[in-house]
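The values are calculated or read from the model by the stated rules, or taken from the named source; none is laboratory data. Since the model is a prediction, treat every value here as computed from it, not as a measurement. Note: ideal-geometry Cβ built from the backbone for every residue, glycine included; neighbour counts use all protein chains shown. Accessible surface is based on the protein model in full, side chains and every heavy atom, while ligands, DNA and RNA are left aside. Shrake-Rupley method; radii C 1.70, N 1.55, O 1.52, S 1.80 Å.
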Amino acid sequence: MSTAFRDSTVVMIDTSRTLIRAGHGLHDLLKTPSVELPAHVGLRRAVLDAANSNTTNGETETEPKASSSKTRPIPVKVTDYLVGSQITEAIAAGQDIVTFEPFAEGDIADWTQAEALWKHVLFNQLGLRRIQMESPVLLTIFPNLSRDTYERLCQTFFERFNVAGFAILERPMAQFYAAITGNELSGVVVDIGERYTDISPIMDGFPIHRARVTVDIGIMHCEHYLAYLLRSNQSVMTTLFPDDSNASQEEIHSTLVELAQTIWRENLIKVLAEGEAADIEEEGVTDLAAVIVAGKEKAVIESGMKNKAKQKASAAEQARAREIEAMDLVQVQFREQTLTLGKERHRFCEPLFDPTLLAPLEAVKASPDTMPLHVAVGHAVGNVDVDHRQYVWQGLLVTGELTNHIKGLGNALQARLAPYILGTADQNNEVQPRGIRVIKVPDYFAEYREKGDGLASFLGSSIVAKLVFTDSSGKNFVSKSDYTEKGPKVILGMSPALL
């Protein structure tokens, strides 16, 4: 018989392709995750070589996988893998470490690696004990996994981690639940990840799996693109790479990619409207170079700050202040250097809407059939039944790590989706969408107010966990007694992801 759990015991684990967030306990004010961990594991080169040698000699048999990934599992133990700070410490100590990302392709490529990550979260990061495990776990994970995978997940958490209860929720649904404010149960979730962007239409509270679209473009492509643009910033290039540095082209690009990461994570980027990029390309770099050569960039930035004195300035001074402000200069600290950046930084998100811009970059060049983000969203919604599309367009949620630092992505995407809605009143009919509504995490979630929409999945997980595990009927989670009686297949009928 299923029973309700205390809020203080509930554990949420949000697992994306590249990141794991987790928290222990539910509160009146839903908290942000207490654990944030890269979803990769490390393995010492010597252990990997020994494992591969054993596999070649036929001495080790690998377990069959429930996932559909084609990656061959590596026959090593869970305890052989390094996770989190263990990887950093090993590399700092000079050890040769090989890293793996078991969730990178939207599947579970290696179950031992996945177990190592979740085990580290539960027992190292959250401080739980396997023997005295009283906590139920809600696992939020990427969609479209097979039923065999669901059974394997259920088996892993009960038999390997000894959880008191278990439920699975798909990430797009968790993200959507975090943003809806009434009875609007239809929408489309756009999750911008490190290397992929996942687009998931939802109708009446159910994900439409056949309509899902994944685009092979993400944050990494934007970082490489900005690194490419920064080569035109003579101030940055001269500061980072003096004439006597002898840096190779690979080192230069790697450094500029790291700088691009710093720029967007410090909230120094805004999303450009259509047509703005051309203006920046024509005017921004030339003016910035002139200012840098004159050695006046600090004065320009200080003068560009709005203050009371500006209100009392003469008309000529105000005109000059507006000119300086239009140059939009900022300074950023990077590798103990102070760098001055201009408007080119705002072109960071351009590859999302025009993948052809990546053509000069061999390492991240998009394939010819890669759709721009707005086209991919239109295609996904186009896969929905025609009489449902107008409802799906009423809940456009853009989420992912990028939205924690760059505001306005939803509105920028909305503007580019204009061709998919009615253009004139005379086109009016019962099924044609009349508009697109952008939704976001509501401000009344105080802990999330300043965080952006990138934490929507964890917030939605907390909301669902509060509903699921406090329900004494236990219809939406598997208790330990349910698992003992019916085995792993019980998850197929008792999980919010499959009902």
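Please find, among R449, R437, the residue that is surrounded by fewer than 19 Cβ atoms within 10 Å (Cβ to Cβ) and closer than 21 Å to D14 by Cβ. Let's see the steps before the verdict.
On the way: R437 fails: closer than 21 Å to D14 by Cβ.
Checking each option against the conditions leaves just R449.
Based on this model, can you work out whether A415 counts as in contact (Cβ under 8 Å) with a residue 24 or more places away in the chain and assigned to a loop (DSSP other than H, G, I, E, B)? So A415 does not fit the description; no. Within the stretch 184-203, restricting attention to residues that are more than 22 Å from the chain's Cα centre (by Cα) and in contact (Cβ under 8 Å) with a residue 60 or more places away in the chain, the residue that is least open to solvent (accessible area, probe 1.4 Å) is M203. Report whether or not R160 is over 17 Å from F5 (Cα atoms) and modelled with pLDDT under 95. No; evaluated as a whole, the condition is false for this residue. Pairs are defined by a Cβ separation below 7 Å, a sequence spacing of at least 6 or placement on different chains, a first member in the stretch 13-32 that is without any contact (Cβ under 8 Å) to a residue 24 or more places away in the chain, and a second member that is open to solvent by 20 Å² or more (accessible area, probe 1.4 Å) and not aliphatic (A, V, I, L, M); the pairs so defined are G25/D7; G25/S8. Condition first: polar (S, T, N, Q), outside any loop (DSSP other than H, G, I, E, B) and open to solvent by less than 60 Å² (accessible area, probe 1.4 Å). Now tell me which residues in the stretch 348-401 satisfy that. Listed by number, the residues that qualify are Q390, T399.
Looking only at the stretch 204-259, filter to residues that are outside any helix (DSSP H, G or I) and of a type in the set (S, T, Y); which one of those is farthest from M173 (Cα to Cα)? Residue satisfying both the conditions and the ranking: S245. On the stretch given as the stretch 213-233, residues that are polar (S, T, N, Q) and within 23 Å of the chain's Cα centre (by Cα) total 1. With respect to P73, is the statement that it is modelled with pLDDT of 95 or more, part of a loop (DSSP other than H, G, I, E, B) and under 27 Å from the mean Cα position of the chain (by Cα) true? The answer is no for P73.
Residues H221, H209: which one is closer than 15 Å to L361 by Cα and open to solvent by 10 Å² or more (accessible area, probe 1.4 Å)? Give the derivation first.
Values: H209 fails: closer than 15 Å to L361 by Cα.
Among H221, H209, only H221 is closer than 15 Å to L361 by Cα and open to solvent by 10 Å² or more (accessible area, probe 1.4 Å).
Residue-wise test of (1) basic (K, R); (2) farther than 15 Å from L43 by Cα; (3) in contact (Cβ under 8 Å) with a residue 24 or more places away in the chain; (4) outside any helix (DSSP H, G or I).
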position	(1), (2), (3), (4)
T88	no, no, no, no
Q95	no, no, yes, yes
T99	no, no, yes, yes
I108	no, yes, yes, yes
E115	no, no, yes, no
W118	no, yes, yes, no
R129	yes, yes, no, yes
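Matching residues to (1) modelled with pLDDT under 90; (2) of a type outside the set (K, R); (3) farther than 24 Å from L459 by Cα; (4) open to solvent by 50 Å² or more (accessible area, probe 1.4 Å):
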residue	(1), (2), (3), (4)
M1	yes, yes, yes, yes
V11	no, yes, no, no
I20	no, yes, no, no
T32	no, yes, no, no
A39	no, yes, no, no
L43	no, yes, yes, no
